[in-house]
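Handing you a structure now.
The values are calculated or read from the model by the stated rules, or taken from the named source; none is laboratory data. Every value quoted in this text rests on a predicted model; they were computed, and no experiment measured them. Because the Cβ atoms are built from the backbone with ideal geometry, glycine has one as well, and the counts that use them run over all protein chains shown. Accessible surface areas use protein heavy atoms only, side chains included; no ligands, DNA or RNA. Shrake-Rupley method; radii C 1.70, N 1.55, O 1.52, S 1.80 Å.
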Amino acid sequence: MEETNEKKDTVEKEFVAFPDIAADVINVLLYQGEKVAKAENLLAGPTETIYQGMEKQRSQYEDLCKYELEGGKVNIMYLIANQSRTDGKMLLRKAGYVGGVYREQYEGKTQNIFPVIEFVLYWGYPRWKSSRGIRRLFRKRKLSGKAWEYIDELNLHVFEMRYLPEETRKLFQSDMRIVVDFLAEGNGYRSQRRIVHKAALIRMIKVLSGETDTENIEAWMEEQGIREEDEVTVCELFDQYVRQGRTEGRAEERIFIIHQLQKEGVDEAFISRITNCTKEELAIAAGR
């Protein structure tokens, strides 16, 4: 399971890392579609920062880091985390990531000082109910009213990618529009949108659908005579690959995914819509 999660994390990270997709995600989710971030001004930054552990220094890793350059200097840094599960302590992780960057600025390890924005792309099914603010995280502590005045607020910016409203999804201009529409509409999704990053998009759709085999995509594209630079629509590519007949192995994997969703209390009508499963598959999964 850990290997599966690592593969999923890698696919999600590589997909969002494309400059056009990263800029699109930043502009839509943070700036409501206004073209503030430009792909040509985004530079990949280090994802590792150092913190002092109990006995020695340790490394911590963020999924994605993008510097926005202006006049040859860093204007702002965006840290993007991909999450497949809710995490009640994610706020504390954020404090470590962002604090590590500011610590490096304080120690003069950067050319200039700049603000840092960290946000989370949450790809899971259960809604994110974990705390998004430090004061809420510690709300059960018996503290005086005065103490709360001195506890700095830290907010976690979480975007539930499976539940984005249609008006938000329509703002995406990159291949991310295909991903979020597919998540919202399920296997019935149809579109004539042109795909830019074909192999990466197929990998992303597969891992978000619960499949783990993402190794043969380039070979399949070569067999089909499809090149990355070719103009191919969603329907053309999906009909050839994503919606091709499922093997027995995939059927077993689907049952496992459905069972996991049932265990998490996800509504069966929603499960049916996003997995396109039959009543028989629901019954088999429930009987495990």
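Just checking, how many residues over the range 17-35 are of a type in the set (Asp, Glu) and without any contact (Cβ under 8 Å) to a residue 60 or more places away in the chain?
1
Looking at the structure I just gave you, is GLU107 of a type in the set (Asp, Glu) and open to solvent by 50 Å² or more (accessible area, probe 1.4 Å)?
yes
Further question: Only one of (1) aliphatic (A, V, I, L, M); (2) touching a strand residue (DSSP E or B) at 6+ places or on another chain (Cβ under 7 Å); (3) farther than 18 Å from ALA44 by Cα is not met by LEU143, so which one is it?
(2)
Quick check on VAL180: is it in contact (Cβ under 8 Å) with a residue 24 or more places away in the chain and surrounded by 15 or more Cβ atoms within 10 Å (Cβ to Cβ)?
No; evaluated as a whole, the condition is false for this residue.
Can you run down the residue pairs with Cβ atoms below 6 Å, 6 or more apart or on separate chains, where the first is in the range 193-206 and without any contact (Cβ under 8 Å) to a residue 60 or more places away in the chain and under 11 Å from PHE238 (Cβ atoms) and the partner is charged (D, E, K, R) and part of a helix (DSSP H, G or I)?
none
Can you name every residue in the range 208-227 that is open to solvent by 10 Å² or more (accessible area, probe 1.4 Å) and within 23 Å of the chain's Cα centre (by Cα)?
SER209, GLY210, GLU211, THR212, ASP213, GLU215, ASN216, GLU218
Follow-up. Please go through the range 183-198 and pick out each residue that is in a helix (DSSP H, G or I), over 16 Å from the mean Cα position of the chain (by Cα) and surrounded by 19 or more Cβ atoms within 10 Å (Cβ to Cβ).
Within the range 183-198, LYS198 is the sole residue that qualifies.
Now for a separate question. Could you run through the range 127-177 and say how many residues are in a loop (DSSP other than H, G, I, E, B), of a type in the set (S, T, N, Q), open to solvent by less than 50 Å² (accessible area, probe 1.4 Å) and within 24 Å of VAL234 (Cα to Cα)?
1
Taking the range 71-126 as the region of interest, how many residues are over 30 Å from GLU268 (Cα atoms), outside any strand (DSSP E or B) and hydroxyl-bearing (Ser, Thr, Tyr)?
Qualifying residue count, the range 71-126: 4.
Can you say whether TYR78 is open to solvent by less than 40 Å² (accessible area, probe 1.4 Å), of a type in the set (Phe, Trp, Tyr) and modelled with pLDDT under 90, as far as the supplied structure shows?
Considered against the rule, which asks whether it is open to solvent by less than 40 Å² (accessible area, probe 1.4 Å), of a type in the set (Phe, Trp, Tyr) and modelled with pLDDT under 90, TYR78 comes out as no.
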